[in-house]
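Every read-out reported here was derived from the displayed coordinates using simple, explicitly stated rules and does not represent laboratory data. The structure displayed is predicted, hence computed values, not measured ones. Note that each Cβ is placed from the backbone with ideal geometry, even for glycine, and that neighbours are counted across all protein chains shown.
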Amino acid sequence: MIEIPAKLIRNHREKAPDWLDSLPGSVERYVGEWDLTVDGEVMSGEASLIVPVVRRDGTAAMLKLQSVNDESESEALALRTWHHDDVVEVLEDDPQTSTLLLERLEPRTLDDLPDDVEATRILAELLNHLSAVAAPPGVRRLADIAAGMIDDAPRLIPRLEEPGEQALVRRFVAMVQEVLPEPGDRLLHWDLHYLNVMAADRQPWLVIDPKPLAGDPAFDLFPVLWNRWDDLVATGDLSQAIRNRFDLMLEVTGIDRDRALAWTAGRFLQNVLWFVEDGDTRIEAEVAAVASALFS
C-alpha cells in the first residue's frame, strides 16, 4: 500500500477525489502489467504521482500516474516526437489513463544550477531544439486556446477591482488578437521552466513534463520569467533582471521581439483569467512585476 503525498491530496481532493482514491490500485495494476518492482518512496509533482521502480531487466525507471485531461493526454506523443537527446524517454505508456513509464533521471534540475544566467541559456537552447519540431496531428492548438481566452476576457476582466489592471489586461487581449491569425505550428512544451529540466547520464540535461500544444515558440518564453524568482530579486533591480532574462532568451532563440511580447502578453492573459476565474480580484504580485518590466 502506498501513501499518497500530502501535496497531491491538497491539489486534487476537491476536483479529482475518485482519481486520488484509485491511485493505490493503479500502482498495483501497472507494477503487475509492466513487470516492475517498486524501488523507493513515492513522490509527487503538482498533478502526478511518481513511483521509483525497476524493470525486469534491472533498468531503473519512474512510473508516472496522472489524471487524463487535455494537458496530459498528448504527453507521451510529444516526448516521442521530439529528438531523443532532448527529452526524457518514454519506456511504456497507457493512452487510456495517461500513465507513463519513464527513464529515471538524476535528482537534480536546472533550478539547482547555481548560476541562473547559465541555467537560462540552457533553457533557451533546449527551447530551440524543441521548437524545431512540427507538432504532430492531434495535439491541442494554441489558436484554439488563444481564441478561447479572447472570448472569455470580456466576462472576466470586470472582476478585477483596479481599473488600471483591467486596462492592462484589455491591452493584452488586443496584442493577442494581432498575432492570432498566425498562431504557429511548432510542438510546444508550454511549461518549460527550470524544474522541468533534469540532469541525466546520457545527456547533461533532459526536458520532462510537457503540456503539449501546437503553436508559436514565443508562447513558451513566459515560464522562464517568473521562476527562480529569488535570483531576480537578489540582483537589486528586479525589473532590469526580468528584462535581461527575456533578452537572453531572445538572443539565444532568435525569436522576434514583437511576437515574443505579444505571445507573452497571451501568457499573462491566460494566467490572469485563470486566477480571476478562481476568485482573485487583483493580478498576482509576481505576474504584475513581470508585466511592469516588459510592458511599462
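Couple of notes before you dig in:
- Qualifying GluC sites (Glu not before Pro) in segment 133-238, where qualification requires a DSSP coil assignment and no more than 12 other C-beta atoms within 10 Å, comprise E161.
- Amide H contacts for V133 (H built 1.01 Å from N in the peptide plane; partners 5 or more residues away or on another chain; cut-off under 5 Å): L187.
- Lys, Arg +1 and Asp, Glu -1 on Cβ, resulting dipole of segment 32-115 about Cα centre, debye, nearest 20: 260
- Karplus-derived 3J(HN,Hα) values for segment 106-118, using 6.51 cos²θ - 1.76 cosθ + 1.60 with θ = phi - 60°, are 6, x, 8, 10, 5, 5, 8, 5, x, 8, 5, 5, 4 Hz; glycine and proline are entered as x.
- For segment 233-247, 3J(HN,Hα) per residue [Karplus equation, 6.51 cos²θ - 1.76 cosθ + 1.60, θ = phi - 60°, Hz, x = Gly/Pro]: 5, 5, 5, x, 9, 4, 4, 5, 5, 5, 5, 4, 5, 4, 5
- Gyration tensor verdict on the chain (Cα atoms; rounded if a/c is under 1.5, prolate if a/b is larger than b/c, oblate otherwise): prolate
- Each label was represented as a point 7 Å from its Cα along the Cα-to-Cβ direction; for E162 and E251 these points are 3.1 nm apart.
- Just checking the listed ones, A214, A260, A200: in the Gaussian network model of the chain with Cα springs under 10 Å, the one fluctuating most is A200.
- Pairwise centroid distance, computed over Cα atoms, of segment 124-141 with segment 37-114, Å: 19
- The GNM of the chain, with springs linking C-alpha atoms under 10 angstrom apart, assigns the highest mean-square fluctuation among P212, P95, P163 to P163.
- Three-way shape call for segment 6-103 based on the alpha-carbon gyration tensor, with the a/c threshold at 1.5: oblate
- Among T253, T99, T59, the residue with the largest mean-square fluctuation in a Gaussian network model of the chain, with springs joining Cα atoms closer than 10 Å, is T59.
- Positive-pole candidate from A132, S98, V169, dipole of segment 87-188, charges at beta carbon: V169
- Dipole-positive endmost among P217, P204, G58 within the chain (Cβ charges, Cα centre): P217
- Nearest-0.05 FRET efficiency for R13 and E33, computed from C-beta distance (R0 30 Å): 0.65
- The charge dipole of the chain, taken about the Cα centre with unit charges on the Cβ atoms of Lys, Arg (+1) and Asp, Glu (-1), comes to about 460 debye, rounded to the nearest 20.
- Take the Cα of E46, step 7 Å toward its Cβ, do the same at D21, and the gap between the two points is 2.7 nm.
- Positive-pole candidate from H189, T253, Q240, dipole of segment 188-256, charges at beta carbon: H189
- Fully extending the segment from E3 to R108 would add 35.4 nm, taking 0.36 nm per residue of separation and subtracting the current Cα-Cα distance.
- Relative to the current alpha-carbon distance between R55 and N128, full extension at 0.36 nm per residue lengthens the span by 23.0 nm.
- Length gained on full extension, H84 to Q240: 52.6 nm, using 0.36 nm per residue less the C-alpha separation.
- Taking the average, over residues, of other Cβ atoms within 10 Å as the packing measure, peptides 74-87, 133-146 rank 74-87, 133-146 from highest down.
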